[in-house]
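Right, one structure below, let's go through it.
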Amino acid sequence: FPDRTTVVSRTLLEHYRARHTGKVVYIPNGVVLPDLDAARDAVNPLGLAKGSYILFLSRLVPEKGCHTLIRAFRDVDTDRKLVIVGPPSHSEDYAVELRRLANGDPRIIFAGARFGSEKDALFRDAYAFVLPSTIEGMALVLLEAMSFGTGCLCSDIPENLEVIETSPGNS
């Protein structure tokens, strides 16, 4: 039995307080703010021009909603690319399904996992970051995208709205 239960979002805090006895401690996720000067000098690992792509960066698992994004993107008339960054996480069949959904659309790029300066450059240069997840605790990747000043479009699940609606400059 745990001595303490901690949660990363107010939504989870209310969930556990309503259903369980015992103290629940709220400790929100956070990210280290990027060194924007260093990020400015990072080379885009895919050679893509700033603003020429929409970025999805997450584990390739169904709850992150990449399949929904691919289906929607295929119906959009745009020259921008959709860059999908991330590895499957015990979900290789899902990753195969994503590639099948994207088949025949040269605008969709699967870039695998990217870390460090490569990831930073992808956030920095993206036209927008999209996270159509169906379940989250508090998405670190959404916080990371916001830390670069990248415009974000995310599903309206309570955990994502908590991040978007409580950000500095939002009311």
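The values are calculated or read from the model by the stated rules, or taken from the named source; none is laboratory data. For clarity, every value in this text was computed on a predicted model and none was experimentally measured. Here Cβ is always computed from backbone atoms with ideal geometry, including for glycine, and neighbour counts include all displayed protein chains. Protein only, heavy atoms only, side chains kept; ligands, DNA and RNA dropped before computing areas. Shrake-Rupley method; radii C 1.70, N 1.55, O 1.52, S 1.80 Å.
Scanning for something within 15 Å of N29 (Cα to Cα) and in contact with a Pro (Cβ under 7 Å, 6 or more places away or on another chain), does the stretch 106-117 turn up at least one residue? Within the stretch 106-117 (the criterion being within 15 Å of N29 (Cα to Cα) and in contact with a Pro (Cβ under 7 Å, 6 or more places away or on another chain)), the answer is no, since none of the residues qualifies. Of all the criteria given as (1) over 17 Å from the mean Cα position of the chain (by Cα); (2) surrounded by fewer than 17 Cβ atoms within 10 Å (Cβ to Cβ), the one not satisfied by T68 is (1).
Among the residues of the stretch 39-77, how many are part of a loop (DSSP other than H, G, I, E, B) and under 11 Å from P132 (Cβ atoms)?
Restricting attention to the stretch 39-77, the residues satisfying the condition of being part of a loop (DSSP other than H, G, I, E, B) are 42-52, 58-59, 61, 65, 75-77.
In the following step, the residues that additionally are under 11 Å from P132 (Cβ atoms) were identified as 58, 65.
Within the stretch 39-77, residues that are part of a loop (DSSP other than H, G, I, E, B) and under 11 Å from P132 (Cβ atoms) number 2.
Of everything in the stretch 1-40 that is hydroxyl-bearing (S, T, Y) and free of Cβ contacts under 8 Å to residues at least 12 places away in the same chain, the residue that is surrounded by the most Cβ atoms within 10 Å (Cβ to Cβ) is Y16. Scan the stretch 97-153 for residues that are open to solvent by less than 40 Å² (accessible area, probe 1.4 Å), more than 15 Å from the chain's Cα centre (by Cα) and among the β-branched types (V, I, T) and jot them down. Residue satisfying the conditions is I108 alone. Look at (1) open to solvent by less than 60 Å² (accessible area, probe 1.4 Å); (2) out of contact with any Phe, Trp or Tyr (no Cβ under 9 Å at 6 or more places or on another chain); (3) aromatic (F, W, Y) and you find that F56 fails only one, number (2).
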